[in-house]
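Working notes for the structure below.
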Amino acid sequence: MIRVRFAPSPTGDLHVGGGRTALFNWLFARKFGGTFILRIEDTDGARNTEEAAQGILKGLRWMGLDWDEGPDAGGSYGPYFQSQRKSIYDAYLARLEADGRTYVEDNGAVRFKFSRTAITVNDLVCGDVTFAPTEEPDMTLRRPDGSYIFHFVNVVDDIEMKMTHVFRGEDHLSNTWKHIDLFNAFGATPPTYAHIPLILNSDGSKMSKRDEGSAIEKSYMNGGFLPDAVFNYLCMLGWTPRADVEKLSREALVALFEPSEIHSSNARFDMAKCSWFNAQYLRELSPEALFAVARPFLEKEGLVITDEAVAAAAVYSVKEKVSLLTEIPSWVHYFFREDYVFEADVVTKLKAKPENVALLQAAASALATQTEWTEASVQTAVEEAAKTLSVKPGALMPLLRFALSGQSRGPGVTTIAHLIGQASTLKRIERATAL
RNA sequence: GACCCCUUCGUCUAGCGGUUAGGACACAUCCCUUUCACGGAUGCGACACGAGUUCGAUUCUCGUAGGGGUCGCCA
């Protein structure tokens with residue numbers, strides 16, 4: 001039975017690297033019917049916070065990485081907060097002490113006597129990596145205040161929680177021999193490791209908090225991304241599924257996941273490609289689904305939604321023009337208010353030719369006579385007006401767009417007119433001619 | 001400083017001794033088009049360097065350079 005875990009330390013927001021580590025563990029568990037455990041490594045009381053822990057859970061849930069054991073999920077190997085497992089660590093430390101593998105410093109810190117033998121890490125990604133007998137000082141297991149150090153609790157919990165595989169960042173590879181030394185000291189079999197490459201900034205430097213795309217909540221949840229898109233993109237960073245396309249569903253990704261295919265070289269983060277994935281997922285959303293995810297971003301920009309059907313249709317009309325949900329408000333704001341601002345170049349274009357006012361008034365006259373108000377009837381009215389004026393409809397459409405939206409880009413003019421209604425359409429044209 | 005991992009277009013990558021070195025994103029051009037987009041087509045563009053091994057190296061070996069990581073009483 002496969003058991004894997006994601007073991008974050010709640011010192012800050014969920015990082016994109018952590019999110020991907022959790023993602024690979026999750027894929028592995030789901031593919032092989034294993035158990036995905038979430039363990040909070042909060043042994044450093046000075047740096048850990050409850051908010052950070054909650055933030056991590058929130059981020060994981062948003063990404064759709066559900067855990068089978070852990071906080072809020074329970075399980076037979078809890079508690080899943082290391083801060084609540086002190087008695088277990090005390091018992092394990094006692095075993096080491098009984099075997100003469102530890103010694104106490106003057107100030108009370110407890111150290112582990114390394115075996116100082118060559119240790120080989122059999123890694124699913126990096127292959128066999130052998131570390132020569134170490135010359136490093138013995139490592140500390142317990143601080144003078146009685147609290148435990150990461151390496152120790154990490155190993156003890158992996159033994160206690162019966163982990164079979166450990167997918168973690170490559171930054172841990174250099175320390176893995178220490179963990180194996182500990183497993184050996186306990187007479188336990190180490191799990192199979194898979195150290196995944198790190199995610200770097202676009203310039204190749206180390207990605208850390210504050211860098212673009214580094215924080216799940218700030219960059220993605222609040223940045224207008226869809227969970228599926230982020231999930232898909234992160235999979236492509238360090239792993240190439242054997243498929244002929246890159247856009248793949250969660251189900252497909254789970255089915256395709258193969259640990260040995262994970263790359264061993266670091267990957268640079270590319271926000272443009274991540275956004276491209278988002279655009280792809282955005283476009284396949286239904287009007288209702290798109291409106292549901294876009295709504296918070298609309299309201300955040302102060303747009304007041306009075307008619308949900310119209311609002312949903314308005315949002316849907318621009319779905320192929322945006323990549324991120326955060327871009328939607330600027331594309332649809334005029335659907336929600338009459339006092340929209342005319343963009344500078346629009347005003348310029350409207351005033352460029354004196355006859356524009358007459359053209360708009362002619363269009364308004366034709367529009368005013370329509371007894372039913374559909375996209376087709378709007379189209380008909382504009383064509384009639386154009387015919388009367390001996391111009392092409394194409395000469396009228398841009399002007400109407402400027403008048404109805406104050407912008408030079410957007411959905412089809414007939415779509416805009418239909419959605420805002422006949423009265424508003426006529427009022428907006430009048431307002432534009434008065435500029 | 002020591003040790004570990006890594007190195008194909010700008011980016012993510014395919015490739016597992018013989019290929020016109022393929023794809024995706026980005027970028028450029030064209031088509032479509034009432035705008036902006038979408039979509040379609042085309043183009044631009046890479047094997048870090050140096051030795052070996054071999055009939056033949058992007059591919060195997062070694063070295064160099066470069067990037068990343070670890071060496072905490074952080075995780």
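The values are calculated or read from the model by the stated rules, or taken from the named source; none is laboratory data. Predicted model only: the values in this text are computed from it and were never measured. Backbone-built Cβ (ideal geometry, glycine too); neighbour counts: all protein chains shown. Quick note on the areas: whole protein, heavy atoms, side chains included, nothing else; ligands and nucleic acids left out. Shrake-Rupley method; radii C 1.70, N 1.55, O 1.52, S 1.80 Å.
Residues in the range A:3-200 average 40 Å² of solvent-accessible surface per residue, probe 1.4 Å, ligands and nucleic acids excluded.
Counting only protein chain heavy atoms and rolling a 1.4 Å probe, the accessible areas of A:His418, A:His179 rank, largest first, as A:His418, A:His179. Annotation: lysines with alpha-carbon distance below 17 angstrom to A:Lys392 (same-chain offsets under eight excluded): A:Lys353. How much mean residue ellipticity at 222 nm does chain A get from its helices, if each DSSP H run of length 4 or more adds -39500 (n - 2.57) and you divide by all residues, to the nearest 500 deg cm²/dmol? Helices in chain A give a 222 nm mean residue ellipticity of -13500 deg cm²/dmol. As a rough guide to protection, the peptides A:154-161, A:373-380, A:28-35 ranked by mean Cβ packing within 10 Å, highest first, stand as A:154-161, A:28-35, A:373-380. Would you mind pulling out the separation of the Cα centroids of the range A:101-119 and the range A:251-310, in Å? Cα centres, the range A:101-119 to the range A:251-310: 49 Å. Under the criterion of Cα pairs below 8 Å and six or more residues apart, the relative contact order for the range A:344-433 equals 35 percent.
What does the charge count around A:Leu198 come to, taking other residues whose C-beta lies under 12 Å from its C-beta (Lys +1, Arg +1, Asp -1, Glu -1)? Charge balance in the 12 Å sphere: +2.
Using a 1.4 Å probe over the heavy atoms of the protein chains, calculate the carbon and sulfur portion of the accessible area of chain A as a whole percent. For chain A, the apolar C and S fraction of the accessible surface comes to 51 percent. What FRET efficiency would be calculated for the residue pair A:Thr380, A:Glu217, taking the C-beta separation as r and a Förster radius of 45 Å, to the nearest 0.05? Efficiency computed from Cβ-Cβ geometry: 0.35. What the range A:216-283 shows is 42 Å² of accessible area per residue, with the surface traced by a 1.4 Å probe over protein heavy atoms. Using the Cα coordinates of chain A, the gyration tensor eigenvalues translate into equivalent-ellipsoid semi-axes of 62, 20, 18 Å, sorted from longest to shortest.
What the range A:287-335 shows is 46 Å² of accessible area per residue, with the surface traced by a 1.4 Å probe over protein heavy atoms. The residues neighbouring A:Ser323, those whose beta-carbon lies less than 12 Å from its own, together hold a net charge of +2 under the Lys/Arg +1, Asp/Glu -1 convention. Here's the list of aspartates and glutamates a cross-link from A:Lys113 could span, going by alpha-carbon distance under 14 Å and ignoring same-chain residues fewer than 8 apart: A:Glu97, A:Asp99, A:Glu105, A:Glu135, A:Glu136, A:Asp138, A:Asp181. Of the cross-linked pairs A:Lys351/A:Lys387; A:Lys206/A:Lys319; A:Lys300/A:Lys427; A:Lys31/A:Lys58; A:Lys273/A:Lys349; A:Lys319/A:Lys351, which ones have a Cα-Cα span greater than 25 Å in the structure shown? Going by Cα-Cα distance, A:Lys206/A:Lys319; A:Lys300/A:Lys427; A:Lys273/A:Lys349; A:Lys319/A:Lys351 fall outside the 25 Å limit. What the phi angles of the range A:201-208 give under the Karplus curve with 6.51, -1.76 and 1.60, with θ = phi - 60°, is a coupling list of 5, 4, 8, x, 7, 5, 8, 9 Hz, glycine and proline written as x. Compute the angle between helix A:375-389 and the longest alpha-carbon principal axis of chain A, please, reported from 0 to 90 degrees and rounded to the nearest 10. On a 0 to 90 degree scale, this one is about 40. Accessible area ranking (1.4 Å probe, heavy atoms, ligands and nucleic acids excluded), largest first, for A:Ile216, A:Ile88: A:Ile88, A:Ile216.
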